[in-house]
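Coordinate-derived values only; no laboratory data. From a predicted model like this one, the values you see are computed outputs, not experimental measurements. No Cβ is skipped: glycine too gets one built from the backbone with ideal geometry, and neighbour counts run over all protein chains shown.
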Amino acid sequence: MSAHPPMLQIPDHPFRAFIFDCDGTLVDSMPLHFIAWTQSLRAHDAPFDFTEEFFYSTAGVREHDMVRRLNAMHGCALDPDGVAETKAEIFIKLVPQVTVVRPVADFARSLHGRAPMAVASGSEEPIVRACLEANELIHLFETIITPRDVAKGKPAPDMFLLAAERLAVPPEDCLVLEDGMAGVEAAKAAGMQWVFIPRTLR
């Protein structure tokens, strides 16, 4: 598994499976997610400014948990289901603008047929599938894990452990590719090695 794009630094280890985050890792969708969040919060009369700094600091956190964090931070009572549903409706309309993170997508393509791969994302499954289908990546992956599949999302290890179970590979033989610190913490908790995907790679 040594062949990989020069911009992507892969640890020298005989990994048997690979687990990819979606947003900000496989596809460059984060700016569009920020737009969708901003518009959804405005539609629900959120009494605070939603900043890019906060948004990127919570990359990988499931949408309902994001709303709960915002409620706790700002002392308000936004409906997690309502805000997340509106955000998803807005984002789906933006999917045609989503492009790949080229080095990561090329790496995934290079592994196809050579090692099993999964996607483990904090976004809901319809959004993940739409982004992957729009960029002709979905056929690369044996399974897709989203928050509805587990009791706890990132930074808990549940999503990555379930991905390893579905791929029938021990956690220590899996490599995680992630752009969010919540995902990195989840990989560590799962006992997996990880590669951080910086925004400069997009």
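Our Cα-only numbers for segment 30-96 put the radius of gyration and Dmax at 10.9, 36 Å.
Computing FRET efficiency as 1/(1 + (r/R0)^6) for GLN193 and ALA156, where r is the C-beta to C-beta distance and R0 is 22 Å, gives about 0.75. For segment 94-152 and segment 154-202, compute the distance between their C-alpha centroids and round to whole Å. Cα centroid of segment 94-152 versus Cα centroid of segment 154-202: 14 Å apart.
The trypsin sites (Lys or Arg not before Pro) found in segment 1-90 include none that occupy coil by DSSP while having at most 13 further C-beta atoms within 10 Å. Annotation for ARG114 and HIS64: the two label points, set 7 Å from Cα along the Cα-Cβ direction, are 3.9 nm apart. Listed by chain and number, the aspartates and glutamates whose C-alpha is less than 14 Å from the C-alpha of LYS154, apart from same-chain residues fewer than 8 away, are ASP21, ASP23, GLU63, ASP65, GLU124, GLU178, ASP179, GLU185. A Förster distance of 30 Å, applied to the separation of the beta-carbon atoms of ASP149 and ASP45, puts the FRET efficiency at 0.40.
The candidate values were (i) 39, 21, 14; (ii) 33, 26, 17; (iii) 29, 17, 15; the one computed from these coordinates for semi-axes √(5λ) of the Cα gyration tensor in Å carries the label (iii). Legend: calculated FRET efficiency, ASP79 to HIS13, from the Cβ-Cβ distance at R0 = 35 Å, rounded to 0.05, equals 0.20. Counting every Cα pair in segment 48-151, what percent are over 20 Å apart? More than 20 Å apart: 48 percent of the Cα pairs in segment 48-151. Near ALA120, the amide H atoms lying under 5 Å from its own belong to PHE20, ASP21, CYS22, ILE145; only residues 5 or more places off or on other chains count, and H is placed 1.01 Å from N.
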